[in-house]
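Reviewing the structure listed below.
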Amino acid sequence: MTGSASKKLSKMEVMLIVSLGVSAGFLVSFIGIAWLWWGNKKRKFIKLKEKYFQENGGLLLQQQLASHGGAVDTTKIFSAEELQEATNNFHESRVLGKGGYGIVYKGILPDNQVIAIKKSKGCVGSQSEQFVNEVIILSQINHRNVVKLLGCCLETEVPILVYEFISHGTLHEHIHKKRSSLSFELRLKIAAEAAGALAHLHSSISTPIIHRDVKAANILLDDKYTTKVSDFGASRLVASGEAGIQTVVLGTVGYLDPEYLHSNQLTEKSDVYSFGVLLAELLTSKVAVSKDEFLASIFVASMEKDCLNQMLDDEIVNEGTIEMVKNVAELARRCLRVKGEERPTMREVAMELEGMIMTKHPWGSADHYFPEETEHLLGSPNTSKDYSVNVDGGGGPGTASGSSMQIDMSMSSYADGR
């Protein structure tokens with residue numbers, strides 16, 4: 001009996017060993033298959049990110065950066081995971097604004113830095129070129145009145161730009177949606193800062209930049225009402241000695257330079273005209289286009305008929321400001337001259353506005369709006385390629401947008417991007 005039991009026990013042990021061996025084999029096989037599956041999935045994910053990188057203009061961006069003298073050390077390349085975490089996976093509660101271009105989200109980084117994330121609706125063809133163009137342009141500018149580009153993300157399905165967060169909305173909102181009441185003195189300060197930033201772009205960097213879409217919706221304000229010029233997707237670099245650029249007309253209806261619209265010849269004076277419209281908005285609190293009527297035309301006509309007072313915003317005009325208001329109106333009229341050569345330069349405009357502020361506050365600094373703080377992050381870039389893209393406007397950091405309209409070759413209107 002004892003021998004028989006011993007033999008049976010041995011058989012059970014054999015069966016157990018075999019069973020354990022089979023289980024271990026299955027486990028090893030399962031682990032191997034899982035490892036292969038995970039490795040294959042990881043490779044596919046990497047290939048997908050490489051595909052998105054190319055589709056989002058990554059190769060073009062690398063080429064442009066190389067042609068401009070090297071990498072942009074201060075511009076961070078964010079991972080998709082970082083931006084998902086910063087926006088709670090792009091949750092609806094983080095949306096700052098929507099427009100034809102896409103969506104702007106508010107993000108919070110692990111160090112509690114607040115950022116604005118501009119996520120395009122799509123990126124094919126010319127849109128990827130616009131994305132690259134905006135990165136190239138903003139990577140060269142470090143000016144206190146220009147919104148700062150912090151980085152970008154190229155490995156997602158749509159391209160993403162990351163900016164500093166501007167907390168107080170757009171000038172368009174403050175003037176037309178009555179987000180807050182802006183005194184004449186504050187409007188003058190905002191105008192002078194915006195003019196100083198544009199003058200800097202035109203004449204104080206090695207390769208001048210034409211903004212190409214100056215409007216109230218692209219002027220952001222922080223909590224101290226400091227001006228931040230935004231949305232450089234349509235901007236152009238201008239080579240030294242280049243008087244004008246033959247290009248597809250881009251801009252916003254109501255702000256477009258009529259000479260540029262007629263000839264397709266882009267110069268710095270196109271920004272000057274758009275800025276003239278902006279000055280008219282600041283003085284009248286009227287929108288640039290209303291029921292097919294253009295503020296610029298009505299404003300100039302009212303001055304010629306000596307009835308400007310009927311157009312001015314009563315809330316900003318009083319006995320103490322009327323003379324300066326008239327001076328600003330006269331400057332706006334000069335900016336709105338039909339012939340570009342008859343308009344002042346942006347530097348002349350900025351200096352004139354600064355002079356008005358100094359007249360009112362003589363303790364102010366004449367250099368206040370011309371800080372020498374631009375760093376040529378890309379060295380001395382050459383003129384960029386004419387992408388001829390339809391920029392679906394607006395959408396500056398920390399902003400929202402309205403409706404948009406595009407008119408190919410002759411005229412383009414873009415979302416009133418905050």
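Annotations
- Condition broken by Ile166, with the remaining ones in (1) in contact with a Pro (Cβ under 7 Å, 6 or more places away or on another chain); (2) at pLDDT 95 or above satisfied: (2)
- Here Arg94 fulfils each of the conditions (1) more than 19 Å from the chain's Cα centre (by Cα); (2) at pLDDT 90 or above apart from (1).
- Residue among Leu48, Leu83, Leu61 that alone is over 17 Å from the mean Cα position of the chain (by Cα) and either at pLDDT 70 or above or crowded, with 17+ Cβ neighbours inside 10 Å (or both): Leu83
- Filter result (under 23 Å from the mean Cα position of the chain (by Cα), part of a helix (DSSP H, G or I) and either among the β-branched types (Val, Ile, Thr) or not assigned by TED's automatic domain parsing to the domain that holds Ile245 (or both)) within the stretch 257-303: Val272, Val277
- Residue tally, condition in contact (Cβ under 8 Å) with a residue 40 or more places away in the chain and not in a helix (DSSP H, G or I), over the stretch 338-362: 5
- Members of the stretch 314-367 that are at pLDDT 90 or above and small (Gly, Ala, Ser): Ala329, Ala332, Gly340, Ala350, Gly355
- Any hit, the stretch 125-141, residues being surrounded by fewer than 24 Cβ atoms within 10 Å (Cβ to Cβ), at pLDDT 90 or above and of a type outside the set (Asp, Glu): no
- Of the residues making up the stretch 190-242, just one is acidic (Asp, Glu) and closer than 10 Å to Asn145 by Cα, namely Glu193.
- Of the residues making up the stretch 248-265, those that are under 16 Å from Ser235 (Cβ atoms) and either of a type in the set (A, V, I, L, M, F, W, C) or touching a His at 6+ places or on another chain (Cβ under 6 Å) (or both) are Val248, Val249, Leu250, Leu256.
- Test: residue in the stretch 186-194 that is out of contact with any Ser or Thr (no Cβ under 8 Å at 6 or more places or on another chain) and either surrounded by fewer than 20 Cβ atoms within 10 Å (Cβ to Cβ) or not in a helix (DSSP H, G or I) (or both): yes
The values are calculated or read from the model by the stated rules, or taken from the named source; none is laboratory data. Computed from a prediction, not measured in an experiment: that's the story for all the values here. Reconstructed Cβ throughout: ideal geometry from the backbone, glycine too, with neighbour counts over all protein chains shown.
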